[in-house]
Amino acid sequence: LETLSHVLIDGRCLRQYSLPVQGTPGQADLREFIDQGVWAISTVYSYLATTGDISLLDEVVGYHQASPADENAMVPASERDTVLEHLLRIMDYLSAQRDSETNLVLALYGDWNDALDGLGISSDPEKQFGSGVSVMTSLQFYQCCTEMIEILRSHSSEQHTAQVAKFEELKRQLCQGLLEFAIVEQEGQRKILHGWGDERS
């Protein structure tokens, strides 16, 4: 619950954060590593699958935002909603961070687990990030779609029919992109790429 309360309002998860000390706001690593959200989804899914404690999804927690006084410090935002809504917001953020050509998840600043720092940069000096993607995060996002479908069906299947259909379509798009772009053949061997840079470099 503490970690989910540090999700940003747009659904982005922080790479690292610290708690306030004697009234001083906690510091955070705000670099846009793309894979933090997929770990959050899978962690909650693992908790639910292990404990059966579906009531966790109805717990209400807040969000955080950068402090107006210090861009590296985090302060609580006024908005609050359920753990389930946090998960849906994280999924929306990840869905929005996809390359339009391949449908795979953009690397942005990097992918922490695979150490893909730099693949997300743009060849255009006017842009912060380009079209480089993380294949690992795309695979994890596919898994998260499956996990979210199970979560929604166990929580309130009728209420979330549209969301389930959305995640099914995301899975289809991700699968198509992975099969078409992430698998290469060299010297008779098929290999899975870790990712690529701007404009599929």
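The table below gives the values:
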quantity: Geometric extent, Cα atoms of the stretch 1-77 - Rg, Dmax (angstrom); calculated: 13.5, 42
quantity: Computed [θ] at 222 nm, helices only, for the chain once each DSSP H run of length n ≥ 4 contributes -39500 (n - 2.57); calculated: -11500 deg cm²/dmol
quantity: Coil-residue trypsin sites (Lys or Arg not before Pro) of the stretch 30-105, DSSP, other Cβ within 10 Å capped at 14; calculated: 31
quantity: Residue-by-residue Karplus 3J(HN,Hα) for the stretch 167-176, coefficients 6.51, -1.76, 1.60, Hz, glycine and proline x; calculated: 6, 4, 5, 4, 4, 4, 5, 5, 4, 4
quantity: Mean separation of Cα contacts under 8 Å (6+ apart) over length of the stretch 63-201, as relative contact order %; calculated: 22 percent
quantity: ³J(HN,Hα) computed for each position of the stretch 60-65 - Karplus, 6.51 cos²θ - 1.76 cosθ + 1.60, integer Hz, glycine/proline x; calculated: 9, 9, x, 10, 10, 8
quantity: Table column - 3J(HN,Hα) (Hz), the stretch 26-41, Karplus curve with 6.51, -1.76, 1.60, x for Gly and Pro; calculated: x, 8, 8, 8, 9, 4, 8, 5, 6, 8, 5, x, 5, 5, 5, 4
quantity: Option label - Kirkwood radius over Cα pairs in Å computed here, alternatives (i) 18.5; (ii) 19.5; (iii) 17.9; calculated: (iii)
quantity: Long-range Cα-Cα pairs in the stretch 14-127 (distance over 18 Å), rounded percent; calculated: 62 percent
quantity: Relative contact order, percent, the stretch 1-121 [alpha-carbon distance under 8 Å, six or more residues apart]; calculated: 29 percent
quantity: GNM flexibility winner over the chain from 42, 18, 134 (Cα, springs under 10 Å); calculated: 18
quantity: Heavy-atom accessible surface of the stretch 23-101: percent carbon and sulfur, 1.4 Å; calculated: 50 percent
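The values are calculated or read from the model by the stated rules, or taken from the named source; none is laboratory data. Owing to the predicted nature of the structure, the values given are computational and were not obtained by experimental measurement. Cβ coordinates were reconstructed from backbone atoms using ideal geometry, including for glycine residues, and neighbour counts include every protein chain displayed. In case anyone asks, the SASA skips ligands and DNA or RNA and just uses the protein heavy atoms, side chains included. Shrake-Rupley method; radii C 1.70, N 1.55, O 1.52, S 1.80 Å.
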